[in-house]
1. When region 27-38 is examined, which residues are found to be in a helix (DSSP H, G or I), of a type outside the set (Phe, Trp, Tyr) and either open to solvent by 80 Å² or more (accessible area, probe 1.4 Å) or modelled with pLDDT of 95 or more (or both)?
2. Condition test on TYR22, is it buried (at least 20 other Cβ atoms within 10 Å of the Cβ), outside any loop (DSSP other than H, G, I, E, B) and over 16 Å from the mean Cα position of the chain (by Cα)?
Amino acid sequence: MKKLLTTALTYCILGLIAGVYYREITKYNDFTGDTQLSVLHTHLLMLGMFMFIIVLLLEKNFHIMQSKKFNIFYYVYNAGLLLTVGLMTFHGTMTVIGKETGAAVAGIAGLGHILLAIGLIALFMVMYERLKLEK
């Protein structure tokens, strides 16, 4: 359970840093337009911190970490989230400094979203397995 709490804390810290980064880089560059940096903070807090707090509660009640499929969820979901927010950071920063990004950035970010979806599917598979054992 400590692993889940540490993961949630890590995403909390990254989310707070992302909020400061957005504020400071846009202020430094006198940028007032739309950028993906504006939602980076909330993505990290909701998909990272809050998600792993919920998973921590699921572990406490259903012992989901005992499932062999749990590691699939944990590592695939984290990889997807980190890939997604990493590319959001890159694309948003390029927007603020006035540079264009190519289609490859959107494509790789799409892979991050696919990994997130696979991770969520794995989590539901774990939950169905654990609920079946509870009967």
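1. As a first pass, look at region 27-38 and keep what is in a helix (DSSP H, G or I): 27-28, 37-38.
Imposing the further condition that a residue be of a type outside the set (Phe, Trp, Tyr) reduces the set to 27, 37-38.
Answer for region 27-38, where residues must be in a helix (DSSP H, G or I), of a type outside the set (Phe, Trp, Tyr) and either open to solvent by 80 Å² or more (accessible area, probe 1.4 Å) or modelled with pLDDT of 95 or more (or both): just LYS27.
2. Numbers: buried (at least 20 other Cβ atoms within 10 Å of the Cβ): yes; outside any loop (DSSP other than H, G, I, E, B): yes; over 16 Å from the mean Cα position of the chain (by Cα): yes.
Here the answer is yes, as TYR22 does meet what is asked.
The values are calculated or read from the model by the stated rules, or taken from the named source; none is laboratory data. The shown structure was predicted, so the numbers you read here are calculated from the model rather than taken from an experiment. Cβ sites come from the backbone with ideal geometry, for glycine too, and all protein chains shown count toward neighbours. Just so you know, the surface numbers come from the protein's heavy atoms only, side chains and all, with ligands and any DNA or RNA stripped out. Shrake-Rupley method; radii C 1.70, N 1.55, O 1.52, S 1.80 Å.
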